[in-house]
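I have placed the structure first, in the form of structure tokens, so that the comments after it can refer back to it.
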Amino acid sequence: RREAVQISCFAIRRGIPHRCGPDFVALSLGGRLRRGAELVLYPGEPRELRLLSVHLKSGCARRALDSPRDACGTLARQVPELERWSDAQAATGRPFAVLGDFNRDLLADPGPARNDRGEPRSLWAEIDDGEPAEADLVNVAEGQRFVNCAPGQHYGGYIDHVVLSRSLAERRLPGGFVRLPYLPRYALRLRLPDHCPVGVDLAPVAR
């Protein structure tokens, strides 16, 4: 029985070839947190794309990972697992993306990656190291104005992200960043949360 009952998942448009990968169990730190979900789009084709959906530990949105706070220490333990998955994809040279609720403002997450003791300090600097080359990552929200999901919210930065590998980022279309806030009448009546869609438009590749 898992302690974390929430799950990461994907919604897939009907007709798109895909294959569900195994749950990324290591990210759950022994079942205490949420697992990652892996999806392969267009499996076996030249345009094959690997995606990982994540929902990382909350409570450490902007503090350094080595700060004296339990949530930050827990998130720091997830970082090496996330990097291992990314590096494994990058080593093949194939495009990939990591997306979902990072519970971390990656755009305000400066380096260095590790402290003097070699412990993780910055999630973004740790995973965006360009080793292998495909792991030279791009956050699609970089340079974009932050927009809250609903009226009355006063958050200061994105914690939901779409992170692309190097070759996948080269396929971004100009003006292709997507942020879909809630309509005010629905947000207030339904008490919708501080999470709303973030996305990116990509150029297609030959089959």
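Of note:
- Of the chymotrypsin sites (Phe, Trp or Tyr not before Pro) in the stretch 1-106, the ones in a loop by DSSP (not H, G, I, E or B) with at most 16 other beta carbons within 10 Å are 10.
- Check: the stretch 98-207 dipole with +1 on Lys, Arg Cβ and -1 on Asp, Glu Cβ, in debye: 680
- Largest-first ellipsoid semi-axes for the stretch 89-193, taking √(5λ) over the Cα gyration tensor eigenvalues, angstrom: 29, 19, 11
- Carbon-plus-sulfur accessible fraction, the stretch 1-80 (probe radius 1.4 Å, protein heavy atoms only): 49%.
- At an R0 of 30 angstrom, the distance between the Cβ atoms of residue 47 and residue 146 translates into a FRET efficiency of 0.40.
- Charged-residue dipole, Cβ positions (Lys, Arg, Asp, Glu), the chain about Cα centre, Debye nearest 20: 940
- The residue among 88, 108, 68 whose Cα reaches farthest toward the positive pole of the charge dipole of the stretch 66-121, with charges on the beta-carbon of Lys, Arg, Asp and Glu, is 88.
- Think of the chain as having a plus end and a minus end, set by charges on the Cβ of Lys, Arg, Asp and Glu; of 16, 183, 143, 183 sits farthest toward the positive end of this dipole.
- Full extension of the chain between residue 194 and residue 84 gives 36.7 nm of extra length, using 0.36 nm per residue less the Cα-Cα distance.
- In the stretch 165-207, the portion of solvent-accessible area held by carbon and sulfur atoms comes to 57 percent [1.4 Å probe, whole percent, DNA, RNA and ligands not counted].
- For the stretch 106-154, the list of GluC sites (Glu not before Pro) that fall in a loop by DSSP and count at most 14 other C-beta atoms within 10 angstrom reads 142.
- For the pair residue 170 and residue 16, label points projected 7 Å from Cα toward Cβ lie 2.2 nm apart.
- Entry comment: accessible area of the chain is 54 Å² per residue, from protein heavy atoms only and a probe of 1.4 Å.
- Three-way shape call for the chain based on the alpha-carbon gyration tensor, with the a/c threshold at 1.5: rounded
- GNM flexibility winner over the chain from 101, 70, 116 (Cα, springs under 10 Å): 116
The values are calculated or read from the model by the stated rules, or taken from the named source; none is laboratory data. Please read these numbers as outputs of a predicted model, since none were measured by experiment. No Cβ is skipped: glycine too gets one built from the backbone with ideal geometry, and neighbour counts run over all protein chains shown. Accessible surface areas use protein heavy atoms only, side chains included; no ligands, DNA or RNA. Shrake-Rupley method; radii C 1.70, N 1.55, O 1.52, S 1.80 Å.
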